[in-house]
Amino acid sequence: MISRRSVLKAVFTGGAIAGLGVMMPRIALAAWNATAFETDSQDAAMDAMYDSAPAASADVNLKAPDIAENGAVVPVTVSSGLAGVKSIAVFVEGNPQPLAAQFFIPAGTKAQASCRIRMGKTSAVTAVVETASGTFSASKEVKVTIGGCGG
Amino acid sequence: MAKGIIRAKAKAKNGNTSVKIMAKHDMETGNRKDKKGNKIPAKFIQTMVVAYNGKTVMEAHLGTAVSKNPYLAFTFEGGAKGDQLEITWTENTGTSSTETAKVR
């Protein structure tokens, strides 16, 4: 018979197992960089993340639309032909918090990442690729016709 | 397990596996205000870790500038049909969960 008690018990044990599962793969490569994510200046965010300022490079490919019809959803793809890519980050200069996302690329994963970002207004989007030999960037101006923040 | 918010599609082809992940999440920035003018507290996914066979293949750190219902796509070497991916996400509020997806 299924009593309320046995159902509750099953739910709790299930929850405990799910909790264990959460603990297991937490071999994080790095902690969430609160300083970089919360600052309102792109330079300060970069300072908090990298040892040196990124240099513009043709080996960083940033794919973003010229005009974003909807600033709330701007598809961005970053890829790089550089060797030993450690991380890829996307910055939106005109946003309240310029750092949008950072992707850590372990060995064996292609140096490519796609995501969708929010843009408050027309601004430059910068992709920064961190490799063993330094940081490289590419940037592109994206025009926003409707703002993504507020709405 | 808690209600899943993640929809993932992983496809193995020519020794590589392409993964597309979409999480159903509002990604509240903390900058918006409700009708009464009170700030809506920030609530967004901070980290998303994708593991394959116990090895992390992608770790994404997201900020508030990531769109609602965040989408993430990447490719890693290896992976075979029927294998399982583990996707762990953590919110800024501390809530976290692990969901699995099969490679097809």
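Short version: ³J(HN,Hα) in whole Hz for each residue of the stretch A:65-73, in order, from phi by Karplus 6.51 cos²θ - 1.76 cosθ + 1.60 (θ = phi - 60°), x for Gly and Pro, what are they?
x, 5, 10, 9, 5, 10, x, 6, 9
From the cross-link list A:LYS143/B:LYS39; A:LYS143/B:LYS20; A:LYS86/A:LYS143; B:LYS9/B:LYS55; A:LYS143/B:LYS9, which pairs have alpha carbons spaced over 21 Å apart?
Details: A:LYS143/B:LYS39 27 Å; A:LYS143/B:LYS20 26 Å; A:LYS86/A:LYS143 29 Å; B:LYS9/B:LYS55 18 Å; A:LYS143/B:LYS9 31 Å.
Check vs 21 Å cut-off fails for A:LYS143/B:LYS39; A:LYS143/B:LYS20; A:LYS86/A:LYS143; A:LYS143/B:LYS9.
Write down the accessible area per residue of the stretch B:6-102 in Å², having rolled a 1.4 Å probe over the full set of protein chains.
Values: 4730 Å² over 97 residues.
Here the per-residue accessible area is 49 Å².
Can you list residues from other chains, or at least 5 along the same chain, whose modelled amide H is less than 5 Å from the amide H of B:SER97?
Under 5 Å from the amide H of B:SER97: B:TRP89.
If amide hydrogens are placed 1.01 Å from N in the peptide plane, which non-local residues have theirs closer than 5 Å to the one on A:ALA101?
Long-range HN contacts for A:ALA101: A:VAL90, B:GLY63.
Between A and B, buried accessible area summed over both sides at probe 1.4 Å, in Å² to the nearest 100?
Heavy-atom accessible area buried at this interface is about 3000 Å².
In what order, largest first, do B:TYR52, A:TYR50, B:TYR71 sit by accessible area if the probe radius is 1.4 Å?
B:TYR71, B:TYR52, A:TYR50
Separation of the stretch A:26-90 and the stretch B:59-92 by C-alpha centroid, Å?
That distance is 16 Å.
How far apart, in nanometres, would the label points at B:ASP83 and A:ALA56 be if each is projected 7 angstrom from Cα along the Cα-to-Cβ direction?
About 4.0 nm separates the two model spin labels.
Mind checking which lysines have their C-alpha under 28 Å from B:LYS36, skipping anything on the same chain fewer than 8 residues away?
By straight Cα distance, B:LYS36 reaches A:LYS121, B:LYS24, B:LYS68.
If R0 is 22 Å, what FRET efficiency do you get for B:TYR71 and B:THR93 from their C-beta distance, rounded to 0.05?
Between B:TYR71 and B:THR93 the formula returns 0.55.
What is the distance in Å between the Cα centroid of the stretch B:13-48 and that of the stretch A:116-141?
Their Cα centres are 19 Å away from one another.
Each residue of the stretch B:53-68 in order: what ³J(HN,Hα) in whole Hz does its phi give by Karplus 6.51 cos²θ - 1.76 cosθ + 1.60, θ = phi - 60°, with x for Gly and Pro?
Using θ = phi - 60°, the values come out as 6, x, 10, 6, 9, 7, 10, 10, 10, 10, x, 6, 7, 8, 4, 4 Hz.
What is the sum of charges around B:LEU72, taking Lys and Arg as +1, Asp and Glu as -1, for the other residues whose C-beta is under 12 Å from the C-beta of B:LEU72?
Here the charged neighbours net out to +3.
Loop-only GluC sites (Glu not before Pro) in the stretch A:56-142, please: DSSP not H, G, I, E or B, and at most 14 other Cβ atoms within 10 Å. Mind dumping the intermediate values first?
Details: sites: A:GLU69, A:GLU93, A:GLU130, A:GLU141; in loops: A:GLU69, A:GLU93.
In loop regions of the stretch A:56-142 (DSSP not H, G, I, E or B), the sparsely surrounded GluC sites (Glu not before Pro) are A:GLU69.
Would you kindly derive the ³J(HN,Hα) couplings of the stretch B:90-101 from the backbone phi angles with the Karplus curve 6.51 cos²θ - 1.76 cosθ + 1.60 (θ = phi - 60°), listing them in order in whole Hz, with x for Gly and Pro?
In residue order, the calculated couplings are 10, 8, 5, 7, x, 5, 8, 7, 10, 10, 10, 9 Hz.
The values are calculated or read from the model by the stated rules, or taken from the named source; none is laboratory data. On a predicted model such as this, the values are computed, not experimentally measured, just so you know. When we count neighbours, we look across all protein chains shown, and the Cβ atoms used for this are built from the backbone with ideal geometry, even at glycine. Just the protein is used for accessible areas: all its heavy atoms, side chains included, with ligands, DNA and RNA removed. Shrake-Rupley method; radii C 1.70, N 1.55, O 1.52, S 1.80 Å.
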